[in-house]
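Here the structure comes first, spelled out in structure tokens, and everything after it is commentary.
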Amino acid sequence: MEFWRTSELRALRQMEGRDAMTVAAALGRSPRAVQDMARCQGMPVPRQPHALYWPATTKRRARQLRASGNTVNQISAALRVAFGTVRRWVYEGAAA
């Protein structure tokens, strides 16, 4: 375990509102360490970016590609979205 320097804590406060991956990269720490320290300091915890936040246009494009006959694997590679995420979008669209 590495102790946090005062300069790192200051930088953490200044980067409030950014995602955990960005803050972690800037500080040379893991995203989990950044989140834990924010909690300890009583600050808002930086969130991890998540596939849930893909734009609706990307989801629509995945459904269009599937309707035109592409496989889920091809769509995943073309859009650079995880296979499981594309599969969920495609089959959610079919059920809706």
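Where a number appears in this text, it was derived from the coordinates with a stated rule and is not lab data. A quick note: this is a predicted structure, and the numbers were derived from the prediction, not measured. Because the Cβ atoms are built from the backbone with ideal geometry, glycine has one as well, and the counts that use them run over all protein chains shown.
Quick one: net charge of Asn70's neighbours, Cβ under 12 Å, K/R +1, D/E -1? In short, +3. Pair-distance distribution of the chain: all C-alpha pairs, bin width 5 Å, starting at 0; shares per bin in whole percent are 2, 13, 21, 14, 7, 8, 11, 11, 8, 4, 1, 0. Suppose the Debye formula is applied to equal point scatterers at every Cα of region 51-95; what is log10 I(q)/I(0) at q = 0.17 Å⁻¹? Calculated log10 I(q)/I(0) at the listed q: -0.36.
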